[in-house]
């Protein structure tokens, strides 16, 4: 490969300013900020976050406070803890073409660095925009170069190094080293293995964040490295558009706490049942017609939340029984619901050639309900709500925020957090987190 170190990526990372961003990009940054804070709040109630807290206890102490927790952490410790929280309930944004979750891939490192330097909310949002651009472009380059689906944690290591390096004030030469080191040491995250055999491995977010932060700290300690894929001539087409095309506008957002590939049959089932007046006890059998990757999702009876989220049978069954898939349906205590487990036995999954043909640009599915009275009713073909072309705005995100955080925030607390994240751009990030935790009763 021919590498050219012209610092075009590093200059974009370091020199982007809030004032220069298009209005639609700034508006979307606020939407993403709400979505990612929601993911961190939800994640702080999960087992994976508790694992992250225990791991963080092995590094140096500090005085940084993270969302949803009374503990204090160092920069590295905070990144570890939030890296374990952000994707814990699979409610964060995604990008079709990299088949993963760019926001969660770096938010733990970004917020940890933002708290370390106590930057303004404006600067945090600017770094957020930059992080998406690096994560998506790096993901595209990795998939093309290795011809393998490396998921969130892999490109997240590079995106984490980018945003943390920006916030900590690196020079472009230092940042080049950090990006190179992060990419070289990034985790493999063979995501299809996690799809078929779900566990906390999932998208590999925690280790991606850790590698990215360690690359920054090691660079500041004097370690050297060179070459990252976004310097290769083969991928100049990806970096030519920096500062003109913003990947934050190409995201999808998830209404449900499970793999995006299960969202289409969830929504199809909920809406078909409402339209036809179908009660769960009326259902004899449900056939889900979808694309191959979705059909390969686990269908085991889950033992914990991770097996429930990276699953297609469990969340569809939960949607049929409860009419929703949120924290209350996928937390560890919920996955033994006998009604949902019984409904799982009434589901079957088929690969539809037309759905498969349009993947991954579109993720589509439809469902067929055979009722106990002998009738069969079919849904239309669904692309799940929140896709890129839906142009998700703050009103959409506020509805999601209120629904998803209802187990943890009172309506007044939800108002407080939403007002905070839509509000004063000059507020220091330490105050933002402090007020989020106050709304949570911490």
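Going by average Cβ neighbours within 10 Å, how do the peptides 37-47, 112-122, 282-292, 208-218 rank, with the highest at the top?
Values: 37-47: 23.9, 112-122: 21.5, 282-292: 19.5, 208-218: 27.3.
Put in order of decreasing packing, that is 208-218, 37-47, 112-122, 282-292.
Cα extents of segment 157-288 along the three principal axes, largest first, in whole Å?
Taking max minus min along each principal axis of the Cα atoms, segment 157-288 gives 66, 35, 28 Å.
7 Å from Cα along Cα→Cβ at both residue 362 and residue 378: what's the point-to-point distance in nm?
So the two model labels end up 1.6 nm from each other.
I need the Debye-formula profile for segment 8-250: one equal scatterer per C-alpha, no solvent, reported as log10 I(q)/I(0) at q = 0.11, 0.16, 0.17 1/Å, two decimals.
-0.48, -1.08, -1.24
What is the chain by shape, rounded, prolate or oblate, if you read a ≥ b ≥ c off the alpha carbon gyration tensor as root eigenvalues and call it rounded for a/c under 1.5, prolate for a/b larger than b/c, and oblate otherwise?
The shape class here is prolate.
I'd like to compare 69-81, 381-393: which one has the highest average count of other Cβ atoms within 10 Å, and what's the full order after that? Working shown, then result.
Working: 69-81: 22.9, 381-393: 16.8.
Taking the mean over residues of other Cβ atoms within 10 Å, the ranking is 69-81, 381-393.
Using helices alone, what [θ] at 222 nm do you get for the chain, with -39,500 (n - 2.57) per DSSP H run of 4 or more residues, divided over all residues and rounded to the nearest 500? Show your work: numbers first, answer last.
Working: 21 runs with 231 residues, N = 442.
That comes out to -16000 deg cm²/dmol.
Using a ≥ b ≥ c from the Cα gyration tensor of segment 1-128 (square roots of the eigenvalues), is it rounded, prolate or oblate, where a/c under 1.5 gives rounded and otherwise the larger of a/b and b/c decides, a/b for prolate? It would help to have the intermediate numbers written out before the result.
Numbers: a/c = 1.61, a/b = 1.49, b/c = 1.08.
Cα axes put segment 1-128 in the prolate bin.
If contacts are Cα pairs under 8 angstrom and at least 6 residues apart, what is the relative contact order of segment 8-250 in percent?
Values: 469 pairs, mean separation 53.3, N = 243.
With pairs under 8 Å counted, the relative contact order is 22 percent.
From a point 7 Å beyond the Cα of residue 281 in the direction of its Cβ, which residues of segment 307-326 have a backbone N at a distance under 20 Å?
Once the point is set 7 Å along Cα→Cβ of residue 281, 317-324 turn out to lie under 20 Å by backbone N, inside segment 307-326.
Under 8 Å for C-alpha pairs, at least 6 residues apart: give me the relative contact order for the chain, rounded to a whole percent. List each step's numbers first, then the result.
Numbers: 893 pairs, mean separation 82.7, N = 442.
After rounding, I find 19 percent.
Expected output is a single nm value to one decimal: the length gained when fully extending between residue 220 and residue 1, i.e. 0.36 nm times separation in residues minus the C-alpha distance. What is it? Spell out each step's value before the answer.
On the way: separation 219, 0.36 × 219 = 78.84 nm, distance 2.77 nm.
The residue 220-residue 1 span can extend by a further 76.1 nm.
Evaluate E = 1/(1 + (r/R0)^6) for residue 332 and residue 370, where r is the Cβ-Cβ distance and R0 equals 25 Å; express this FRET efficiency to the nearest 0.05.
On the way: r = 32 Å, r/R0 = 1.28.
Efficiency, from the Cβ-Cβ distance: 0.20.
Averaging over every viewing direction, what projected area does the convex hull of the Cα atoms of segment 306-442 cover, in nm²? Provide the component values of the computation, followed by the final result.
Numbers: hull surface 46.7 nm².
Seen from a random direction, the Cα hull of segment 306-442 projects 11.7 nm² on average.
Tell me the Kirkwood hydrodynamic radius of segment 260-383 in angstroms, computed as one over the mean inverse distance between distinct C-alpha pairs. Each step should come with its number before you reach the end.
Working: mean 1/r = 0.0704 Å⁻¹.
It works out to 14.2 Å.
Please tell me the relative contact order of segment 13-137 in percent, rounded to the nearest whole number, where contacts are Cα pairs under 8 Å and at least six residues apart.
On the way: 186 pairs, mean separation 34.9, N = 125.
Over segment 13-137, the number comes to 28 percent.
In whole angstrom, note down how far apart the Cα centers of segment 1-63 and segment 101-166 are.
5 Å
Which FRET efficiency value, to the nearest 0.05, is calculated for residue 303 and residue 406 with the Förster distance at 25 angstrom and r the Cβ-Cβ distance?
On the way: r = 26 Å, r/R0 = 1.03.
Calculated value: 0.45.
Restricting to the chain, what percent of DSSP beta bridges are antiparallel, rounded to 5?
Numbers: 18 of 24 bridges.
Close to 75 percent.
Where a number appears in this text, it was derived from the coordinates with a stated rule and is not lab data. In this text the structure is predicted, and so the values were computed from the model without any measurement. Quick reminder, even Gly has a Cβ in these numbers, built from the backbone with ideal geometry, and neighbours come from all protein chains shown.
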